[in-house]
Amino acid sequence: MAKRLFDILASLAALLLLGPVVLFAAFGIRVSSRGPAFYCPQRAGLGGRPFTLFKLRTMYVNHGTNVSVVTGANDSRVFAFGSLLRKLKIDELPQLWNILRGDMSIVGPRPEDLKIVSQHYGDIGMSTLAVRPGLAGVSSIYNYTHGERMLTGPDPEQIYASELLPVKLALEAVYLERRSMTYDLVMILRTVTSIVRIASGQKEFADPPEMCAARRLLARSTRALTDRHVA
């Protein structure tokens, strides 16, 4: 109950404070690229139920033959102004409305594309659907500081599913084991700090403090999966 009250008050305050930023960004998108200012995909929410996610559009409307649900490093679908919005995480601000509606929380696991969930979620991934997805979170920070540069080559979706997604989900599982209001406040501060550092030009970051626990969790999960196959 306290978390939901915090989500409502924080998202309302942020919408009032950052609403002009969203409007300015929406205008910049319309000037920079033909098409709508907003992008509204379906994502997996609490219990895996689909919901409509609100984002500022950062890609050209016509993707040609590239239909990947994962954005690769230097993805040609992203236009220049959209790249700036992504770098500063301004494209995510409309999700404050998702939080106000109850689709999401300020802090929680990032909501994934339905295709990724159906094809690549195992036991750890399914456990992250037990809470509302979040705007900020440990896997969001890791993806922002480490993950995006990994998604190179002709098939970033395959790299994402095999190399990045398992780590992100394990990090979220660690968050769920430790979650508290204090931890959420720390996660918000870590998110803001990461954005400021990247905007200032920093490129190298240490692993998050949850990484050791996440790797142990992944190792246990791999052993359990191997044992099931052997049995």
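At a glance:
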quantity: Failed criterion for Ile124 (all others in (1) touching a Leu at 6+ places or on another chain (Cβ under 6 Å); (2) of a type in the set (A, V, I, L, M, F, W, C); (3) farther than 29 Å from Arg4 by Cα hold); calculated: (3)
quantity: Answer from Phe38, Phe24 - the residue that is touching a strand residue (DSSP E or B) at 6+ places or on another chain (Cβ under 9 Å) and either surrounded by fewer than 17 Cβ atoms within 10 Å (Cβ to Cβ) or under 27 Å from Gly153 (Cα atoms) (or both); calculated: Phe38
quantity: Residue in region 168-184 that is touching a strand residue (DSSP E or B) at 6+ places or on another chain (Cβ under 7 Å) and either touching a residue at least 60 places away in the same chain (Cβ under 8 Å) or of a type in the set (Ser, Thr, Tyr) (or both) present; calculated: yes
quantity: Matching entry among Arg49, Arg43 (being crowded, with 17+ Cβ neighbours inside 10 Å, on the phi < 0 side of the Ramachandran plot and under 20 Å from the mean Cα position of the chain (by Cα)); calculated: Arg43
quantity: Qualifying position, being within 13 Å of the chain's Cα centre (by Cα) and surrounded by 20 or more Cβ atoms within 10 Å (Cβ to Cβ), among Gly125, Gly108, Gly82, Gly72; calculated: Gly108
quantity: Members of region 195-215 that are part of a helix (DSSP H, G or I), of a type in the set (A, V, I, L, M) and closer than 18 Å to Val174 by Cβ; calculated: Met211, Ala213, Ala214
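Where a number appears in this text, it was derived from the coordinates with a stated rule and is not lab data. Predicted, not measured: the structure shown is a model, and the values here were computed from it. FYI the Cβ positions are ideal-geometry reconstructions off the backbone, even for glycines, and counts take in every protein chain you see.
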